1. Provide the net charge surrounding L236, with neighbours chosen by a C-beta distance below 11 Å and charges set as Lys +1, Arg +1, Asp -1, Glu -1.
2. Looking at segment 62-269 from every direction and averaging, what is the projected area of its Cα convex hull in nm²?
3. Kindly flag which residue pairs out of K66/K110; K110/K270; K155/K212; K66/K212; K110/K176; K54/K141 have an alpha-carbon separation exceeding 26 Å in this structure.
4. Taking the number of other C-beta atoms within 10 Å as the exposure measure, put I43, I182 in order starting with the fewest.
5. What does the charge count near P184 come to, summing +1 for each Lys or Arg and -1 for each Asp or Glu among other residues with Cβ under 14 Å from its Cβ?
6. Can you tell me, using C-alpha contacts under 8 Å and at least 6 residues apart, the relative contact order of segment 109-261 as a whole percent?
7. Given points 7 Å out from each Cα along the Cα-Cβ axis, report the C156 to D252 separation in nanometres with one decimal.
8. For D62, what is the net charge nearby, where nearby means another residue's Cβ is under 12 Å from its Cβ and Lys, Arg count +1, Asp, Glu -1?
Amino acid sequence: MGNACSFVVRKRSEDESKYIISKEKSLNSNSVLGATTTIPSRIVGEREFHNDPKSVYVLAKDDIEKNRLNEQHFWVQREFWLEDIFPKNSYPESCHFAIGNVLQENPFGKRFDFIQMRYFAAALRANEWDEAYTSLYNQLKPGGYLQVLDTNVVKCTTDPELQDINHAFSQLLKSKGQDSDIGPKMATKMEAAGFNAIYNNQIEVPMGWGSKRSVRYAENMRSLYISIAPSLAEQLHIEVDVCKAKINRACDAMGPTKATVCLWSYLGQKPLDAPKSSSSL
Ligand SMILES: C[S@@+](CC[C@H](N)C(=O)[O-])C[C@H]1O[C@@H](n2cnc3c(N)ncnc32)[C@H](O)[C@@H]1O
């Protein structure tokens with residue numbers, strides 16, 4: 001899958017060219033991810049979505065969504081210990097991006113020291129999580145780290161309109177075979193894949209309470225909900241415009257009703273003495 005950000009790829013050397021994707025060349029044209037290059041996007045309510053029948057990913061993939069994710073990236077990292085890991089304004093020259101499907105064979109032909117998996121809560125089917133963690137385990141070198149940062153699609157709230165949106169979002173994910181409550185289960189699943197969990201944290205983040213950060217979080221959620229308003233409206237059996245108005249009221253009420261969202265962060269390590277993977281990567 002991957003959005004257009006994933007195509008910001010530069011060729012570093014002849015040797016690396018097989019790892020590098022452009023809009024014309026995908027690593028694996030059969031993959032959920034590579035399909036972005038061959039299947040035209042689906043447009044719903046002026047927003048752009050993936051159109052891969054194998055994928056259950058329901059969020060948008062256009063520039064507005066990329067900006068929303070970038071914004072979330074910028075300040076959510078600061079909630080944890082991650083700030084120093086990520087470059088602030090630019091990536092080092094040696095860095096390049098490529099698309100891969102976490103559920104398919106590693107196309108890079110090598111193992112990694114560090115993998116981050118962030119915001120996948122609405123990306124995989126319930127029965128794909130174990131497979132995904134096993135795949136990432138196999139793609140790490142012994143002693144390598146998997147860092148996971150994720151959030152709950154269901155917000156903690158007493159507001160009936162936000163509860164309706166929670167319900168609609170959960171039903172939408174359920175209709176795709178997803179688990180809308182995957183966050184608290186991630187650590188157990190990582191350990192089942194073989195990781196030693198060396199950091200496991202959960203925080204509850206206020207939304208719209210008044211601080212700059214909480215207000216930005218509420219606005220970020222508004223942008224997400226509005227992007228999938230047609231799907232939420234279908235679940236709620238209401239018109240899209242009525243749904244958008246409901247979303248706006250629910251987001252305006254986040255502060256006064258003290259809504260929060262859970263963020264989970266895990267750091268798992270592949271044991272140094274891990275046996276060689278039976279997988280071919
Ligand atoms: C909510 S976005 C998060 C994007 C990015 N990780 C971030 O933190 O900003 C979820 C991403 O997962 C990607 N995705 C969905 N299914 C995937 C799969 N099977 N393998 C790899 N990526 C996938 C989507 O294309 C989307 O870019």
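1. Numbers: positive: K246; negative: E161, D164, E234, E239.
Once all neighbours under 11 Å are counted, the net charge is -3.
2. On the way: hull surface 48.3 nm².
So the Cα hull casts an average projection of 12.1 nm².
3. Details: K66/K110 28 Å; K110/K270 16 Å; K155/K212 19 Å; K66/K212 21 Å; K110/K176 32 Å; K54/K141 29 Å.
Check vs 26 Å cut-off fails for K66/K110; K110/K176; K54/K141.
4. Placing the least packed residue first, the sequence is I43, I182.
5. Details: positive: K185, K189; negative: D150, D179, D181, E191, E204.
That sum, taken over residues with Cβ under 14 Å, equals -3.
6. Values: 210 pairs, mean separation 42.4, N = 153.
In percent, rounded to a whole number, it is 28.
7. 2.6 nm
8. Details: positive: R42, R47, K61, K66, R68; negative: E46, E48, D63, E65.
Net local charge, D62 excluded: +1.
Only the coordinates and a few stated rules stand behind these numbers; no lab work does. As the structure is a prediction and not an experimental result, all values here were calculated from the model. Every residue, glycine as well, gets a Cβ built from its backbone with ideal geometry; the counts of neighbours run over all protein chains shown.
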